1. Quick one: how many residues across region 384-398 are at pLDDT 90 or above and crowded, with 17+ Cβ neighbours inside 10 Å?
2. Can you find a residue in region 164-173 that is under 19 Å from the mean Cα position of the chain (by Cα), over 14 Å from Gly108 (Cα atoms), part of a helix (DSSP H, G or I) and not β-branched (Val, Ile, Thr)?
3. When you look at Thr201, is it free of Cβ contacts under 8 Å to residues at least 24 places away in the same chain, surrounded by fewer than 19 Cβ atoms within 10 Å (Cβ to Cβ) and assigned to a loop (DSSP other than H, G, I, E, B), yes or no?
4. Could you tell me whether region 325-333 includes any residue that is part of a helix (DSSP H, G or I), touching a residue at least 60 places away in the same chain (Cβ under 8 Å) and not assigned by TED's automatic domain parsing to the domain that holds Arg133?
5. Determine which single condition Thr316 fails, assuming it passes every other condition in (1) touching a Gly at 6+ places or on another chain (Cβ under 9 Å); (2) crowded, with 22+ Cβ neighbours inside 10 Å.
6. If you go through region 291-308, how many residues are assigned to a loop (DSSP other than H, G, I, E, B), of a type outside the set (Asp, Glu) and surrounded by 22 or more Cβ atoms within 10 Å (Cβ to Cβ)?
7. Can you tell me which of Thr69, Thr83, Thr7 is surrounded by 18 or more Cβ atoms within 10 Å (Cβ to Cβ), modelled with pLDDT under 95 and among the β-branched types (Val, Ile, Thr)?
8. If only one of Leu214, Leu270 is surrounded by 17 or more Cβ atoms within 10 Å (Cβ to Cβ) and in contact with a Lys or Arg (Cβ under 9 Å, 6 or more places away or on another chain), which one is it?
Amino acid sequence: MMSTSTTPTSERNLRVLQVTGSTRVDYGGTSRSVPAICDALSAHQMDVHLVTGRTDGVKSNVPAFPVVTHLIDESPYFGCSFTGKTFSDQLALLHASAPQQCIVHDHGIWLPSNRAVARQARKNNWTRIVSPRGMVSKWALSHGSRLKKIAWHLYQQQDLQTATAFHATSELEAEELRRLGLKQPIAVIPNGVDLPTEMPTRNRGDQKKRMIFLSRVHPKKGLMNLISAWHLAKLSTTWELQIYGPDEGGYSREIEREIERLGLTTTIRLCGEVNDSEKWNCYANADLFVLPSFSENFGIVIAEALAAGLPVITTTGTPWESLNDHRIGWWVDPTVEGLKSAIMEACLMEDATRESMGHLAANWAADRFHWTQVGEQMASFYESLLSGSQAPRFMAAA
């Protein structure tokens, strides 16, 4: 275990221990949003510590000073399978040394780190908040369902039932928690968006129009449906679909074979992974964004795309019904037919109409996804739990 230490902040009355299995840069949105939450809370004069796993040779996202990051080394052979005790020991030390009050905020379920946090909190009567991070959706619970059913009955159900409260990133996720029979307080607080200091300008040398996908290349993301829908839409060659994101488990090769089988190599490109600065150039040079996922607890790339001025196509497996409500995108069934209809409507509309939707999207997103606002709401949530005061306005009803 390695701890990245900073100057003590003993004058801060509330210590917050944020815990997540990993913040590897090649992982999903949680690996970025949890460090960002740490930074946002630190700005509210809280003594914030992040406890997370580290994979040797892989870069991790970490929050800035004065947040203290404690990195738990994973085994080169067994990964995170046996890191639970180390997480537990580190948390016990940090909780015991807290100047006054202390809250533990754990992100995700199922992992050894989550199990260790739950056991330690239950043993010591700690205040523990759980952010399920999309892992209680119907799709997530059914994926690998045999092992999950066993784990659910052995420990996971109890671990959720004994949490003090929950943080959901959308109303949809809050409803999923309620469907599991969980009655504790739930705060619905979306993720924020880390915008660049200056948005890049559009810079491309051809006249092609581009729809982009930017996320993990994983079965959950619905890419096979997207490729079939693109094929059936029969768009002119002036449109191109670009797929950006890290490959998971060799799934890119399956996607590539399907593109070749359908004869779409001239209109669909697998572009690989991009870093944070390159990502914003991708948004700037696109005309539409698509995320055809079967399940998302939030979908931070959707918020980013909207902030960059792109209309978005996504599915009812994501919590983005507001796209339809505000006419800034399409929220459709996660099926080939649903995606095909949205793609045809979006790509065949007048350029000026689509650009107007993009301007509206950027203005709408600018009002909603500031990390400063996220920090304020999260701090208010913590304080209400510790004081027993009236629930903040963003609390979901039991």
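The values are calculated or read from the model by the stated rules, or taken from the named source; none is laboratory data. Computed from a predicted model, the values in this text were never measured in an experiment. Quick reminder, even Gly has a Cβ in these numbers, built from the backbone with ideal geometry, and neighbours come from all protein chains shown.
1. Summing the residues that are at pLDDT 90 or above and crowded, with 17+ Cβ neighbours inside 10 Å in region 384-398 gives 2.
2. So far as region 164-173 goes, yes, one or more of its residues are under 19 Å from the mean Cα position of the chain (by Cα), over 14 Å from Gly108 (Cα atoms), part of a helix (DSSP H, G or I) and not β-branched (Val, Ile, Thr).
3. no
4. no
5. (2)
6. Residues that pass the stated criteria total 7.
7. Only one candidate qualifies: Thr83.
8. Result of the check over Leu214, Leu270: Leu214.
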